[in-house]
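The values are calculated or read from the model by the stated rules, or taken from the named source; none is laboratory data. No experiment lies behind these values; they were computed from the predicted model shown. Here the Cβ positions follow ideal geometry from the backbone for every residue, glycine too, while neighbour counts run over all protein chains shown. Ligands, DNA and RNA are stripped out before the accessible areas are found, and what is left, the full protein with its side chains, is counted by its heavy atoms. Shrake-Rupley method; radii C 1.70, N 1.55, O 1.52, S 1.80 Å.
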Amino acid sequence: MKKRIGVYICHCGGNISDYVDVAELGKMFHKEENIVVSKDVMFACADSNQKDMIADIQANQLDGIVVASCSPKLHLHTFRNVAVRAGLNPMNYVQVNVREQCSWPHSDKPREATVKAAGLIRAGINRVIHSESLDNIEVEIKKSVLVIGAGVSGMKAAIELANNGHEVFLIEKEFSVGGHVGQTGKVFMTGQDGKEIVDKLYQQIKSRNNITLFTGAVLEKVSGSLGNFQVEIKVKPRHLNTSNISQIKEDERMTFIVGSVLVATGFDHYQPKAGEYGYGQFPQVITLPEFNQLMDKSKGELMFQDKAVGSVAFIYCVGSRQTKGENKYCSRTCCNAAVHTSLQLKEKFGNIRAYHLFRDIRTYGKHEVMYEASCRQGDVYLKYEEKELPVISAEGKKMLVKVKDYLTAKKEIEIPVDMVVLVTGMVACADSARISEHLKIPVGNDKFFNEIHPKLKPVETVIKGVYIGGSCQGPRNISESVQSALSAAAKVNTLLSKDTISVDPIIARINPDACIWCGKCADVCDYTALKEVEAGGKRIAAVNKAVCTGCGICAPVCPENAIEVAQFTDKEIESMIDGFTTQFDIPERQQEAEESEQDAVTQMKEYPQIWKEILAGMTNEQNTIPQIAENSKLSKELVTWHLMTMNKYGIVQPAGMDEKELYFYYKVKNH
């Protein structure tokens, strides 16, 4: 048990101290047993305060510290590093969140916020009293990596990793590399040919002896953990590596060990359902990828079924932004792709009329240049809404497109065209579910792979050592996909550059005396971190330390209570509950007491005249904004604006919603 504890309560520049009496809390906890240092500080995270904390820990021989400040997501590692620099085990530090959990949500009740903060701080103190000094787990790292997917993103990542001296195994399920880019003509903005881009990358891969490329290969099995993944792949007809080309007549299974895995499996194009905008019903209705292939094959004049094409209608958002369908997201790149195709159409085949039926044009960033060029060359843009979709029918040798154009007051327009091109969105690869099952990567509602955090950890997954990059995370253009994959490659390089890596010690632990191996813990573990082993003459559960994330899902399902999570032991949690439920007698701050004693009439003299009119219009216990506006003879907009300010200053407060849930009720505070 820790008996020399330091407590630091942060003002956060007023974010906390404006509502929580941090000075009083600092004095109160200083009187308690085991508390050697108790301070309120302006900014706990400031360099100057960090130096003071280090000096306190060393001078007072503190064996535990508690920092009451903002969310641990922001400064957990900041204060752990303070502990390390002071010679204190970082696991003997506890952060208490009194900003997001006290001062901000309870700003209207400062005394109650202070009482709650006291309970949280007491809980943190009780936790640190029972905390253990834990050391990070050291894991050896194998200096090789598996890259899944040999599209442009996967190849760029493989080349980058090889340039850093790592052995790379690159697998591709198709028999050719390059993915969708290999089937593309000119790309925006460089004007390079997609096939040339792929060929250059492929030549770079062939020139590197530390890259082995397997085409026609799929991931079959993965075991092991961070730094030591055992990977099994199944290779179909042929095997290409950097030094030779050899033929394999039958499927072959290969196994190798890698330290990390990078997934860059890309995306699939949405395939329209039969009859969707006439697809499959009329041969002249094709998808954008199919139209691009038609353009590549045509020379001199655009021909389809031995007939010259003089007009084309592009229908946007096919397979994207479906309110009632599966794909509710925007594929982002479709608008750019359609406009770019239209420009290429005019450039290659001359005077072909192009009509764009769109819901919204999203040519973001530099792609806006393409949209401007398309408009200048005479392309016609018509806006439709999802509730009134374009209708496709055949009229003689032409296709007739009927659309209600919202740019011309919903005027119904009929457009005879030679071809209809469906601008299809991106969807997750068909084998994403299988890869997710092998590597335990979570997938979102859109079926793309999920990173830990789109801003803070954009390429990391919840599985240590497994990274994702490119459009397997969601719709992206070529540049964005490559940047994402290179970011993942940088993370892998950082991992493989070390002989060992330190893993957080907050993991599940098994009590071998209590465990009887019922298998329930292994059944609920999403990371396969628990397995059955022989120990002491009986079968018990064992934890793979490199795989376990410390999520704690195994602990509550154990019927023998044989599992606990480090830093979340029963003793720590129970002591925190005891601390939080402790009764505190905290006096009101002098300023708050004076304000509460002021007479309501005296306070009214301080209010602007319009506030008085609004208060006079609040004739009921519960008043909606339309009612207040009618009673006070003011506009609803003006009442709304001032009510927000009055609520901020504690003059009025929300009081629920009306029965139809159309309006909030408001009432005068303390009336």
Out of segment 527-544, which residues are touching a residue at least 12 places away in the same chain (Cβ under 8 Å) and either part of a loop (DSSP other than H, G, I, E, B) or charged (D, E, K, R) (or both)? TYR527, THR528, ALA529, LYS531, GLU532, GLY536, LYS538, ARG539, ASN544
Any strands (runs of 3 or more DSSP E) falling wholly within segment 444-526 and containing at least 1 residues that are more than 23 Å from VAL181 (Cα to Cα) and in contact (Cβ under 8 Å) with a residue 60 or more places away in the chain: 466-468, 500-503
Filter pass, TYR270 being open to solvent by 30 Å² or more (accessible area, probe 1.4 Å), under 35 Å from the mean Cα position of the chain (by Cα), closer than 30 Å to ARG476 by Cβ and in contact (Cβ under 8 Å) with a residue 60 or more places away in the chain: no
If ASN292 meets every condition in (1) polar (S, T, N, Q); (2) touching a strand residue (DSSP E or B) at 6+ places or on another chain (Cβ under 8 Å); (3) open to solvent by 30 Å² or more (accessible area, probe 1.4 Å) apart from one, which number is that one? (2)
Return yes when SER48 is hydroxyl-bearing (Ser, Thr, Tyr) and either surrounded by 17 or more Cβ atoms within 10 Å (Cβ to Cβ) or touching a residue at least 24 places away in the same chain (Cβ under 8 Å) (or both) and no when it is not. no
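Yes or no, residue by residue, for (1) modelled with pLDDT under 95; (2) of a type in the set (Lys, Arg):
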site	(1), (2)
PHE449	no, no
ILE452	yes, no
TYR467	no, no
VAL482	no, no
SER487	no, no
LYS491	no, yes
SER502	yes, no
ARG509	no, yes
Which condition does GLY124 not pass, out of (1) closer than 30 Å to VAL84 by Cβ; (2) touching an Asp or Glu at 6+ places or on another chain (Cβ under 8 Å), if it passes all the others? (2)
Filter segment 237-260 down to the residues that are part of a strand (DSSP E or B), modelled with pLDDT of 85 or more and among the charged types (D, E, K, R) and list them by number. GLU252, ARG253
Matching entry among GLY179, GLY194, GLY224 (being surrounded by 17 or more Cβ atoms within 10 Å (Cβ to Cβ), within 19 Å of ARG476 (Cα to Cα) and without any contact (Cβ under 8 Å) to a residue 40 or more places away in the chain): GLY194
Flagged in segment 529-584 as hydroxyl-bearing (Ser, Thr, Tyr) and open to solvent by less than 40 Å² (accessible area, probe 1.4 Å), in numbering order, are THR569, SER575
For a quick check of your reading: which strands (runs of 3 or more DSSP E) sit entirely within segment 68-155 and have at least 1 residues that are more than 30 Å from GLY178 (Cα to Cα) and either open to solvent by 10 Å² or more (accessible area, probe 1.4 Å) or touching a Cys at 6+ places or on another chain (Cβ under 9 Å) (or both)? 93-97, 137-140
The one condition ASP526 fails out of (1) surrounded by fewer than 17 Cβ atoms within 10 Å (Cβ to Cβ); (2) of a type outside the set (A, V, I, L, M); (3) over 25 Å from GLU460 (Cα atoms) is (3)
Among the numbered conditions (1) surrounded by 24 or more Cβ atoms within 10 Å (Cβ to Cβ); (2) touching a residue at least 60 places away in the same chain (Cβ under 8 Å), tell me where LEU170 comes up short. (2)
When GLY13 is evaluated against the numbered criteria (1) outside any loop (DSSP other than H, G, I, E, B); (2) crowded, with 17+ Cβ neighbours inside 10 Å; (3) small (Gly, Ala, Ser), which criterion, by number, is the only one it fails? (2)
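Quick check on ASN647: is it more than 30 Å from ALA514 (Cβ to Cβ), modelled with pLDDT of 90 or more and open to solvent by less than 90 Å² (accessible area, probe 1.4 Å)?
Against the criterion (more than 30 Å from ALA514 (Cβ to Cβ), modelled with pLDDT of 90 or more and open to solvent by less than 90 Å² (accessible area, probe 1.4 Å)), ASN647 does not qualify.
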Looking only at segment 31-42, decide whether some residue is touching a Gly at 6+ places or on another chain (Cβ under 8 Å), among the charged types (D, E, K, R) and either open to solvent by less than 10 Å² (accessible area, probe 1.4 Å) or over 30 Å from ILE137 (Cβ atoms) (or both). yes
Look through GLY465, GLY425 and report the one residue that is in contact with a Cys (Cβ under 9 Å, 6 or more places away or on another chain) and among the small types (Gly, Ala, Ser). GLY425
Pairs under 8 Å by beta carbon, first residue free of Cβ contacts under 8 Å to residues at least 24 places away in the same chain in segment 652-666, partner open to solvent by 80 Å² or more (accessible area, probe 1.4 Å), six or more apart or different chains? PRO654/PHE664; MET657/TYR663; MET657/PHE664
When ALA55 is run through (1) in a helix (DSSP H, G or I); (2) closer than 30 Å to TYR649 by Cβ; (3) among the hydrophobic types (A, V, I, L, M, F, W, C), the failure sits at (2)
Pull up segment 439-490, narrow it to residues that are under 17 Å from GLY149 (Cβ atoms) and among the basic types (Lys, Arg), then point me to the one that is surrounded by the fewest Cβ atoms within 10 Å (Cβ to Cβ). LYS447
Residues in segment 596-605: is at least one open to solvent by 90 Å² or more (accessible area, probe 1.4 Å), under 30 Å from GLU32 (Cβ atoms) and at pLDDT below 75? no
